[in-house]
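Student: Starting off with a structure, shown below.
The values are calculated or read from the model by the stated rules, or taken from the named source; none is laboratory data. As the structure is a computational prediction, the values presented were derived from the model and not from experiment. Every residue, glycine among them, receives a Cβ derived from its backbone with ideal geometry; neighbour counts consider all protein chains shown. Only protein heavy atoms, including side chains, enter the accessible area calculation; ligands, DNA and RNA are left aside. Shrake-Rupley method; radii C 1.70, N 1.55, O 1.52, S 1.80 Å.
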Amino acid sequence: MYKCCIFDLDGTLINTIHALNRTINLTLERLGYGPVDEDQTRIFVGDGYRKFVERALISRGDKELADLEQALAVYREVFEDNCLYRIEAYDGMRELLAFLKEKGVKTAVLTNKAHAQAVDNIEAVYGKGYFDLITGEQAGLKRKPDPDGAFYTARTLGVRPEECLYFGDTNTDMRTGIAAGMDTVGVTWGFRDREELEAFSPRYIVDDPHQVIGILARI
């Protein structure tokens with residue numbers, strides 16, 4: 001049995017697509033641009049809010065990113081009021097987390113979302129103190145796919161990378177877990193498709209959190 005499971009947030013632990021899409025469209029509207037749809041949002045997110053805003057602006061015609069700095073400021077302002085909009089746990093995730101706790105496996109969150117909003121998201125859906133560690137984007141840690149945050153998580157929780165199982169739904173997560181030397185799990189219920197995950201040959205690809213329970217029960 002692994003000693004620690006590390007989860008990405010958006011598209012893995014919590015369905016945040018409505019909040020992200022609402023925030024980026026309110027930002028674009030403020031600057032006079034048209035909206036993007038949820039399918040576009042799924043592709044744009046995963047590498048931090050700056051890249052998210054950049055990709056959205058480019059898609060709306062701001063190829064030179066002339067409005068980037070203003071858009072970033074607006075996004076931060078709007079996101080504070082909308083980061084919890086229609087967010088919810090994915091089906092089966094509560095059962096998986098309960099199984100891990102029963103087995104004494106530590107649980108952690110590692111995300112490129114700003115740290116304060118990451119904590120707000122997790123606590124709104126799962127309650128305070130549910131995870132052993134939550135790590136969002138913050139000074140002193142490099143963003144995924146750099147493995148810095150994954151190493152920090154393992155070190156803080158007193159486990160070795162090889163004792164960790166890393167979960168995520170995007171190429172960014174696959175690269176993070178693999179670079180950290182952790183057995184990596186691609187989840188297909190999130191923002192990207194199976195083909196993107198398979199390209200990185202993670203240890204497992206799962207379609208439902210209950211599959212993870214079955215995998216761990218056999219180890």
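Student: Those residues that are in contact with a strand residue (DSSP E or B) (Cβ under 8 Å, 6 or more places away or on another chain), among the aromatic types (Phe, Trp, Tyr) and open to solvent by 20 Å² or more (accessible area, probe 1.4 Å), I need them from the stretch 162-219; list them, please.
Tutor: Selection gives PHE200, TYR204.
Student: Within the group GLY186, GLY177, GLY214, GLY190, which residue is on the phi < 0 side of the Ramachandran plot, modelled with pLDDT under 95 and not hydroxyl-bearing (Ser, Thr, Tyr)?
Tutor: Step by step, each of GLY186, GLY177, GLY214, GLY190 is checked, and only GLY214 is on the phi < 0 side of the Ramachandran plot, modelled with pLDDT under 95 and not hydroxyl-bearing (Ser, Thr, Tyr).
Student: Being small (Gly, Ala, Ser) and touching a residue at least 12 places away in the same chain (Cβ under 8 Å) is the filter here, so list the residues in the stretch 76-111 that pass it. Give the derivation first.
Tutor: Initial filter on the stretch 76-111 (small (Gly, Ala, Ser)): 89, 92, 98, 104, 108.
Across the stretch 76-111, the qualifying residues are ALA89, GLY92, ALA108.
Student: Moving on. Identify, please: which residue in the stretch 188-219 is outside any helix (DSSP H, G or I) and in contact (Cβ under 8 Å) with a residue 60 or more places away in the chain and is, among those, farthest from LEU13 (Cα to Cα)?
Tutor: Of all residues in the stretch 188-219, those outside any helix (DSSP H, G or I) come to 188-193, 199-208, 219.
With the extra rule that they be in contact (Cβ under 8 Å) with a residue 60 or more places away in the chain, the set shrinks to 189-192, 208, 219.
Numbers: TRP189: 10, GLY190: 9, PHE191: 12, ARG192: 14, ASP208: 12, ILE219: 23 Å.
My answer is ILE219.
Student: So, one more: Can you pull out every residue in the stretch 9-31 that is open to solvent by less than 10 Å² (accessible area, probe 1.4 Å) and under 15 Å from ASP169 (Cα atoms)?
Tutor: LEU9, GLY11, THR12, LEU13, ILE14, THR16, ILE17
Student: Only one residue in ALA116, ALA73 is in contact (Cβ under 8 Å) with a residue 12 or more places away in the chain, assigned to a helix (DSSP H, G or I), open to solvent by 30 Å² or more (accessible area, probe 1.4 Å) and over 25 Å from GLN211 (Cβ atoms). Which one? Reasoning before the result, please.
Tutor: Values: ALA73 fails: in contact (Cβ under 8 Å) with a residue 12 or more places away in the chain.
Just a single option satisfies the conditions, and that option is ALA116.
Student: Hey, another quick one. Looking at the stretch 77-84, can you tell me whether even one residue there is under 18 Å from the mean Cα position of the chain (by Cα), within 27 Å of ASP146 (Cβ to Cβ) and open to solvent by 30 Å² or more (accessible area, probe 1.4 Å)? Quick ask: steps written out before the conclusion?
Tutor: Looking only at the stretch 77-84, we keep the residues that are under 18 Å from the mean Cα position of the chain (by Cα), and these are 79-80, 82-84.
Those left that are additionally within 27 Å of ASP146 (Cβ to Cβ): 79-80, 83.
Those left that are additionally open to solvent by 30 Å² or more (accessible area, probe 1.4 Å): 80.
Yes: the stretch 77-84 contains one or more residues that are under 18 Å from the mean Cα position of the chain (by Cα), within 27 Å of ASP146 (Cβ to Cβ) and open to solvent by 30 Å² or more (accessible area, probe 1.4 Å).
Student: Look through VAL159, VAL185 and report the one residue that is assigned to a loop (DSSP other than H, G, I, E, B), within 15 Å of LEU100 (Cβ to Cβ) and not acidic (Asp, Glu). Let's see the steps before the verdict.
Tutor: Values: VAL185 fails: assigned to a loop (DSSP other than H, G, I, E, B).
Checking each option against the conditions leaves just VAL159.
Student: Among the residues of the stretch 32-48 satisfying the criterion of being modelled with pLDDT under 95 and surrounded by fewer than 21 Cβ atoms within 10 Å (Cβ to Cβ), which is farthest from GLU77 (Cα to Cα)? Steps first, please.
Tutor: Here is the first cut: in the stretch 32-48, the residues modelled with pLDDT under 95 are 46-48.
Now drop any that are not surrounded by fewer than 21 Cβ atoms within 10 Å (Cβ to Cβ), which leaves 47-48.
Values: ASP47: 19, GLY48: 16 Å.
Here the residue is ASP47.
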